[in-house]
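Read-outs throughout are calculated quantities, based only on the coordinates presented, and are distinct from any laboratory measurement. Treat the numbers as computed from the prediction; the structure is a model and nothing was measured. With ideal geometry, Cβ positions are generated from the backbone for all residues, glycine too; neighbour counts draw on all protein chains shown.
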Amino acid sequence: MNGTVIIGAGQAGVQTAVELRAAGYGGSVTLLGAELALPYHRPPLSKAYLTGEKGADALLMRGPSFYSEQAIALHQGADVIAIDRASKSVKTAVGRRFGYDHLVLATGASARPLGCPGADLDGVMVLRSRADTEALKLRLEAAARLVVVGGGFIGLEVAASARKLGKQVTVIEMQDRLMARAVGPDVSSFFAEVHRQNGVDLRLGDGIAAIAGRNGAVSGVRTSSGVELACDIVLAGIGVSPRTELAEAAGLSIANGIVVDSAQRTSDPQVFALGDCASFPNPYGDGMIRLESVQNAVDQAKIVATGIMGHQARYQAVPWFWSDQYDLKLQMVGLSHGHDHVEERGNRADRRFSVFYVKAGRLIAIDSVNRPADHMRGRKLLAAGAPPITPDEIDTHFAARRDT
């Protein structure tokens, strides 16, 4: 038997290997990671690792001895270039082949590059890997001004970190509010005010038309509205694209990610996919969705391991996310798109409040700022089916559990 081969040594890939061993899987587990570094956590890259509050060792998912102790064959610097479904094998860039009985695609996503003139200048950066953060840290030491393109989680977390390091920061966001894909307008406006209070120059409803350079390096940007901004670094925080190239070349179904069923199986029943690269049915969304979160990767890994062990399981976890910006912990549970009513509890002035999203009388999502008890209670309610709820019932469910 060839056992299980996992392509990708990020959160989804490592967690799948861990879950297989925890479930008593007796076959071989081969984990192929393209990076040379030991598998590490990505969330701190835009925050504590960027500011220097955490070192490289603190990022590691597991210690160096863990993989050998668990009989997980970790191959670092193993860039997989092809999947041969007929022979049930994969091939790396150096020509090495690995056979499999089950294949797991945890290929993740790649940062979207800017497409404007000047995007190839030295100093135009993305942040997706540890190496990206290390390069940005080095440049920030000598830089005074940073322009962040994109007002999503990564862009705003980097903006907050750069302000902590004393840098001038401008955030350019095409939409008229921050984090529009993830939170409601009230939460967007609150975070916009917080960033402005911390000295960030926010330019909403604007884009980037071109990046100017001097001697091959970034010297400034021109926005879509014609504003010229001097800067030393441009960070593209405009989202990610699922890494589906291997799956597509192997003939698997692709639609905004590698298409899987509720058991995380692709169109080939011997091949699973999970994490940032997978598009899956979710009862909390409309049709197929793709989520980019640690929670999603961890929960889906359990489903994949269950399937490989020959048991039936369906992924039905409630989506939840978080973002740390300045002294604020933003926690989101559920998907608020399509809500028809909003209730807010707490005090914005105290920087502790929650926004509850209701659709057809049923609670569908909660955004919480520095109110972790609301978030945890919301996760339990949504997982249980979240019965129809009135404003008074929101108080009943959450009042006794509010933080003091």
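Cα centroid separation, the range 207-258 to the range 331-349: 30 Å.
Could you work out the per residue convex hull volume over the alpha carbons of the range 327-401, in cubic angstrom?
Once divided by residue count, the hull of the range 327-401 is 83 Å³.
Take every DSSP beta bridge whose two residues both sit in the range 31-114; close to 75 percent of them are antiparallel. Comparing mean-square fluctuations of ASP57, ASP206, ASP176 from a GNM of the chain with C-alpha springs under 10 Å, the top value falls on ASP57.
Here is how the number arises for the chain: DSSP H runs of 4 or more residues each give -39500 (n - 2.57), the sum is divided by the residue count, and the result at 222 nm is -7000 deg cm²/dmol. Toward the positive end of the charge dipole of the range 113-236, about the Cα centre and with charges on Cβ (Lys, Arg +1; Asp, Glu -1), which of LEU136, VAL183, VAL126 goes farthest? Result: LEU136, furthest along the dipole toward the positive end. Under 20 Å of direct C-alpha separation, and excluding same-chain neighbours fewer than eight residues apart, LYS167 reaches these aspartates and glutamates: GLU53, ASP122, ASP132, GLU134, GLU141, GLU157, GLU193, ASP201, GLU228, ASP232, ASP324, ASP327.
Peptides 82-94, 125-137: what's the order by average Cβ count within 10 Å, highest mean first?
125-137, 82-94
Annotation: the residues CYS277, CYS231, sorted from fewest to most other C-beta atoms within 10 Å of their own C-beta, follow the order CYS231, CYS277. For the charge dipole of the range 237-348, defined by +1 on Lys and Arg C-beta atoms and -1 on Asp and Glu C-beta atoms about the Cα centroid, which residue among VAL298, GLY334, VAL260 has the Cα displaced farthest towards the positive pole? The residue sitting farthest along the positive end of the dipole is VAL298. Equivalent-ellipsoid semi-axes for the chain (Cα gyration tensor, √(5λ), whole Å, largest first): 35, 30, 19.
Relative contact order, whole percent, for the chain stands at 14, derived from Cα pairs under 8 Å and 6 or more residues apart. Of LYS54/LYS329; LYS329/LYS359; LYS47/LYS359, which ones are farther than 29 Å apart at the Cα? Over 29 Å Cα-Cα: LYS47/LYS359. Expressed to the nearest 5 percent, the antiparallel share of DSSP beta bridges inside the chain is 60 percent. Distance from the alpha carbon centroid of the range 151-186 to that of the range 64-89 works out to 37 angstrom.
Projecting the alpha carbon convex hull of the range 113-236 along each direction and taking the average yields 7.1 nm².
Each peptide in 241-247, 117-123 gets a packing score, the mean of other Cβ atoms within 10 Å over its residues, and the list from highest to lowest is 241-247, 117-123.
Sorted largest first, the principal axis extents computed over the alpha-carbon atoms of the range 183-330 equal 58, 36, 23 Å.
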